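Below is one structure, written out as structure tokens, with a few remarks after it.
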Amino acid sequence: MIKRTTYGYTAENDNYFLDIEFFDHDIIRFVYSKEKSLPKTSSAVIAEPRKLEVSLNNNIVETSRLKIVIDEKTLRVKIYDLEGQLLSEDLDYDLDVKSDKKIEKCHKLKEAKILLKKKKLWETGIYGTGEKYGFLNKLGSKMENWCSDVLAHTQLHNPLIDNYHTSIPFYIGADLNKSYGIYFDNTFRTYFDFAKEDQDVISFRADGGKLDYYFIYGATTKEVVQKYSEITGKMPLPDIAYLGYQQCRWSYKNRDELLDVAIKMRENKIPCDVLYLDIDYMDNYKVFTIDSVAFKDFKKLALELKKMNFKLVVIIDPGVKVEKGYSVYDEGIDKDYFVKMSDNKSEYIGEVWPGKSVFPDFMQEKVRIWWGELHRNLIEQGIDGIWNDMNEPADMSNDCKTLPEDCKHKTDENQIFDHSEIHNLYGFLEAEATYNGLEKIQENKRPFILTRAAFAGSQRYAALWTGDNASIWEHLEMSIPMFLNLGLSGYSFVGGDVGGFIGETTPELLIRWNQLGAFTPFYRNHSACQTTHQEPWAFGKETMDILRHSMNQRYELIYHFYNLAYESYNKGIPMLRPVFLEYQKDPRAYDLHEQFLLGENIMVCPVVRPGIKKKMIYLPEGQWFDYYTHEIYEGKQYHMIDIEIDKIPVFVLSGSAILRSNVNQFVDDIECENLNIEVYDGSDFEKIFYFDDGNTRNYEDGTYSLIKIKLENHKIEIEPVYNGFDMHQINVNYVFEDSTENYLITF
Ligand code: GLC
């Protein structure tokens with residue numbers, strides 16, 4: 001019997017219960033369990049179920065968008081759209097998989113405990129799945145989700161590695177006409193098989209927990225991505241400075257080295273907004289301390305950097321050095337704030353940079369508040385943002401390179417959890433603690449946190465970089481599908497170590513990597529200790545001049561990036577988009593990863609191989625302006641284009657607009673008078689651009705403007721839709737193939 005509940009329906013058979021909850025007419029939660037009560041959602045989920053007008057006829061539940069057929073005997077479901085197309089069909093599920101396969105080293109179960117198998121239907125592509133190596137389309141592959149310090153396993157990113165720093169158990173099935181997403185709300189180690197073992201079956205499994213997932217339907221993948229962000233949230237609106245160029249290295253070891261970088265940036269007219277300090281700024285790698293010898297008068301140093309208009313971000317790892325007399329350790333021990341061993345009595349001691357270390361138990365809210373508050377001193381010293389690293393969590397004391405799965409966490413209510421259930425959430429909870437802390441400490445500022453480990457929903461707190469890559473061309477190329485799939489998995493503010501982290505970069509690789517970096521949301525050059533330096537001046541003037549061009553290009557488009565960040569914050573749509581996200585009906589737009597869209601109208605075609613002179617690109621429907629020459633290229637065609645060392649090929653869709661500003665040394669230096677709306681002639685369109693002060697939280701009280709631009713029969717109209725931020729005027733450049741007209745519009 002299927003019965004109505006407050007937010008959905010429930011059904012049961014001899015073994016299991018099925019609960020269906022509606023979050024919308026096309027966002028539906030399915031939970032299979034052995035108990036009658038519905039489990040709590042994980043911390044990733046922020047949406048609440050809704051009471052919707054839906055109907056039940058026999059065993060068919062109908063919403064305004066979907067039909068769900070429940071087999072009352074087996075509780076398996078089939079989901080159809082209202083035209084009767086089958087979207088999803090369960091083949092089998094099991095909440096107690098019996099396996100005689102033995103447990104491997106690191107407690108890795110060969111066969112997970114819970115399992116759901118769905119029929120592979122019409123999907124021509126599988127996307128999302130967070131931070132994974134390999135091509136864009138994941139159909140035909142298998143993967144695990146278990147946050148891992150990849151390099152600690154002495155492995156470089158490669159397609160044979162299952163686990164990366166980040167775990168996002170979300171995937172999208174798509175073809176030309178339809179799309180769905182499945183978010184598996186399970187924080188244990190999870191596994192996906194996208195028709196690899198059996199080409200008719202897509203399955204997801206977990207080492208424990210509940211069989212609890214959300215089915216999200218959309219006519220397009222863009223719609224699915226947007227709806228997924230209703231479940232796990234959107235990125236906050238960033239301070240615009242963090243969309244600028246950022247410079248890092250492991251490590252700038254003392255104040256002079258850091259100041260030298262700052263001075264060289266300004267002397268060489270390399271636009272840059274953010275500098276980083278890696279682990280060596282601390283006293284013996286003790287988090288929340290500063291080495292008072294190497295970084296003497298830290299406050300003064302921070303002030304000097306501020307005067308040169310740099311923001312300063314420092315690294316904070318979760319491992320706390322075991323050392324009596326070190327206040328963070330003492331207080332944490334005193335208050336019982338650290339993760340425990342399997343006996344739940346003594347603290348688990350692992351090993352990170354400071355040597356023997358304990359790990360804050362972020363499951364407890366009071367620990368999160370404590371950790372957040374610990375940042376106060378750093379902020380008072382003049383630090384602006386926080387870089388959370390090693391938060392998978394990484395642990396060098398054992399072969400598994402993380403905490404043993406039977407370590408114990410607890411909540412404020414003393415509910416005990418094994419690390420196997422919390423592991424994937426650890427980085428998420430640390431970022432949450434840091435974000436909430438900075439929000440309190442930095443009055444009226446927008447917190448900036450960068451994280452390495454993440455789970456579904458981490459986008460609400462932190463930007464993400466994809467960890468330890470290498471200075472090899474393959475990693476440059478493979479970072480693109482990784483960023484694009486992260487974007488489809490709710491993570492818009494992403495980037496990788498530009499130039500490559502380990503190994504030796506070369507001038508050509510650094511140039512090509514910067515050209516890509518200038519078009520990725522998070523743009524930071526970072527390299528490991530003992531590698532060749534790769535600051536923009538490291539390879540001499542000729543290379544630096546070309547690199548400067550990339551950075552200038554980024555600053556020209558920084559307000560455009562900011563508008564795209566606003567779209568991610570507002571609608572959950574990623575800044576970087578695979579071409580098919582905008583051209584779902586075009587079969588040739590599928591699975592491209594050597595080119596991508598920035599927003600809906602800028603086609604970026606990075607060069608990811610050494611020495612090439614030509615590159616084949618595909619331009620979808622419409623006409624496309626060469627960004628540099630304004631020459632028009634026809635869409636729905638492949639083009640063989642010439643490649644030059646100092647240029648990344650970029651095209652702008654005709655009948656669209658971008659925001660462009662004159663370049664300077666840092667973002668605050670861009671005068672409003674230099675801000676242009678650039679309209680590319682073509683068919684009619686309408687677009688709204690967002691403006692605010694770029695760094696305070698005043699926008700939350702309405703201090704922002706929305707300016708609408710409209711092209712109709714080649715005539716431009718501009719009007720403020722909402723003018724809370726004092727926009728008096730704006731320049732317009734109207735671009736044709738062979739000329740440009742300029743206007744000044746005042747309001
Ligand atoms: C990790 C980080 C890297 C950092 C290093 C030292 O390997 O991924 O970015 O530089 O630790 O802190």
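Quick note: the coordinates plus some simple rules give every number you see, no bench work behind them. Worth saying up front: this structure is predicted, and the values here are computed from it rather than measured. Every residue, glycine as well, gets a Cβ built from its backbone with ideal geometry; the counts of neighbours run over all protein chains shown.
So here's what we get for this one:
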quantity	calculated
Per-selection Rg to Rh, the chain - Cα, Kirkwood hydrodynamic radius	0.96
Estimated translational D of region 589-682 in µm²/s (Stokes, Kirkwood radius over Cα pairs; 37 °C; 0.692 mPa s)	225
Under-5 Å amide H pairs with residue 527, H placed in peptide plane, nonlocal only	249, 250
In Hz, Karplus ³J(HN,Hα) per residue of region 362-377 (6.51, -1.76, 1.60; θ = phi - 60°; x = Gly, Pro)	5, 5, 8, 4, 5, 6, 4, 5, 4, 4, x, 5, 4, 6, 4, 4
Relative contact order (%) - region 53-103, alpha-carbon pairs under 8 angstrom, separation at least six	20
Amide hydrogen neighbours beyond the local backbone of residue 113, cut-off 5 Å, H modeled	206, 207, 208
For the chain: relative contact order, % (alpha-carbon pairs under 8 angstrom, 6 or more apart)	11
In sequence order, calculated HN-Hα J values of region 448-457 (Karplus, 6.51, -1.76, 1.60; Hz; x Gly/Pro)	10, 10, 10, 10, 9, 8, 7, 10, 3, x
Electrostatic dipole magnitude of the chain [Cβ: Lys, Arg +1; Asp, Glu -1; Cα centre; debye, to 20]	980
Charge dipole (region 2-231, unit charges on Cβ, about Cα centre) - positive-most of 69, 228, 87	228
5 Å-binned pair-distance histogram of region 145-212 (Cα, whole percent)	3, 14, 21, 21, 20, 13, 6, 1, 0
Cα convex hull of region 383-460 - mean projected area over all directions, nm²	6.3
Cα principal axis extents for region 671-746, largest first, Å	42, 23, 18
Summed side-chain charge close to residue 450 - residues other than residue 450 whose Cβ falls under 11 Å, Lys, Arg +1, Asp, Glu -1	+1
Net +/- balance of residues flanking residue 508 in space, Cβ distance below 12 Å, scoring K and R +1, D and E -1	0
Hz values of 3J(HN,Hα) by residue in region 197-214 - Karplus curve (6.51, -1.76, 1.60), Gly and Pro given as x	5, 9, 5, 9, 10, 10, 9, 9, 9, 8, 6, x, x, 10, 8, 9, 9, 10
Whole-number D in µm²/s for region 200-306 (Stokes-Einstein; Kirkwood sum over Cα pairs; 37 °C, 0.692 mPa s)	178
Euclidean distance of C-alpha centroids, region 20-98 and region 475-538, integer Å	41
Relative contact order of region 671-746, defined on C-alpha pairs under 8 angstrom at six or more residues apart (%)	33
Euclidean distance between Cα centres, region 242-296 to region 565-579, Å	30
Dipole magnitude of region 2-231 about its Cα centre (Cβ charges: Lys, Arg +1; Asp, Glu -1), debye to nearest 20	320
Percent of Cα-Cα distances greater than 27 Å, calculated over region 2-231	31
Around residue 724: net Lys/Arg minus Asp/Glu count, Cβ-Cβ under 9 Å	-3
Under-5 Å amide H pairs with residue 87, H placed in peptide plane, nonlocal only	79, 80, 81
